[in-house]
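Following: one structure in structure tokens, then a few remarks.
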Amino acid sequence: MQIARTIAEFRALRRGARPPLGFVPTMGYLHAGHRALIERARSECAAVAVSIFVNPMQFGPNEDFERYPRDEPGDLALCEAAGADLILIPPLHEMYPAGTSTAVRVGGLTGVLEGAHRPGHFDGVATIVTKLFNVVTPDRSYFGRKDAQQLRVIRRLVRDLDLPVEIVDCATVREPDGLALSSRNVYLSPEERAQALSLSRGLRRAEEAFVAGERDAEALRRLVRDEIEAQPLARIDYVSLADSESLAELEGRVGGPALLSLAVRFGGTRLIDNVVLEPPAAG
Ligand code: AMP
């Protein structure tokens, strides 16, 4: 495994990589969810690159950029064990040179859900992902369904700008008790963590109701909200049931694939999770 700490170093190493090159962009503090992405890339690509960069542009002014957890030695050990070949740890001044005045904005999908609660967040994501694609020039890039809206925004970005990369999505990795893995889980107190299980429990209850035939959008959202509102430390940002493609909020009967997603705060920690509800094919 080789580590590049500048764009020029990475480009030099990249020239020796056999195609196809698989790429996993991350903000570090890696866990088994990231590991699954790297291992998937390993199983499908001749070479695997991972980037570790906590991107300030995707954090709001009152968010956790400064205290976002960091553990470079642990991250490198995980990358090595998962089979990564190239690591890019770019310096801030290279990703955002003084006087940077260009941003990438994906319209349409970004005004709702995370975009509505975190203004500018997806401009930060789209800009850094575009820059990383330009540096890494991967054949395929791997993203987690845990960040469901991000995945849709990146697919739109790639389509709209003709970026020559295939986007591969990977299932959400969870703790055995259901909690979706997140670098931010370390912020949770034991009490908050116990109450945070209501997120996956609520999603599961709604999923079970859906499988049993419940199709009313509000009833499905209500099942999730009831579960979470029973937790005294939980503060809901949103519980949404939206068209899985357009992300338009659904009212009435759910007829096609729907994204059931949520964001919930426990103190200063904000967690997200989701499932896709797919009606069985007719016939
Ligand atoms: P992050 O480091 O949070 O920016 O995440 C980097 C990549 O890992 C993104 O594509 C995430 O969607 C993905 N990821 C984060 N958590 C999980 C998880 N629990 N399961 C699967 N993928 C994940």
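Brief remarks on what is shown
- A cut-off of 5 Å between modelled amide H atoms, ignoring neighbours fewer than 5 places along the same chain, links V173 with L181.
- If you look at the Cα atoms of the chain, you get an Rg and a Dmax of 19.2, 59 Å.
- Fraction of beta bridges assigned by DSSP in the chain that are antiparallel (%, nearest 5): 50
- Backbone phi angles across the range 48-62, fed through the Karplus curve with coefficients 6.51, -1.76 and 1.60 (θ = phi - 60°), yield HN-Hα couplings of 10, 10, 10, 10, 10, 7, 7, 8, x, 5, 9, 9, x, x, 9 Hz in residue order; Gly and Pro are listed as x.
- Unit Cα scatterers, Debye sum, the range 183-275: log10 I(q)/I(0) for q = 0.21, 0.23 Å⁻¹: -0.96, -1.09
- A 1.4 Å probe run over the protein chains yields, for the chain, 46 Å² of accessible area per residue, whole-number rounding.
- Evaluating 6.51 cos²θ - 1.76 cosθ + 1.60 at θ = phi - 60° for every residue in the range 87-102, the Karplus couplings come out as 10, 10, 10, x, x, 3, 6, 8, 6, 10, x, 3, x, 3, 9, 10 Hz, glycine and proline recorded as x.
- Using a probe radius of 1.4 angstrom, the carbon and sulfur fraction of the accessible surface of the chain is 52%.
- Three-way shape call for the range 1-58 based on the alpha-carbon gyration tensor, with the a/c threshold at 1.5: oblate
- In plain terms, the chain from A219 to E251 could stretch by 10.5 nm, reckoned as 0.36 nm per residue minus the Cα-Cα distance.
The values are calculated or read from the model by the stated rules, or taken from the named source; none is laboratory data. The structure displayed is predicted, hence computed values, not measured ones. The protein model used for the area step is the full one, side chains on, heavy atoms only, and it has no ligands, DNA or RNA in it. Shrake-Rupley method; radii C 1.70, N 1.55, O 1.52, S 1.80 Å.
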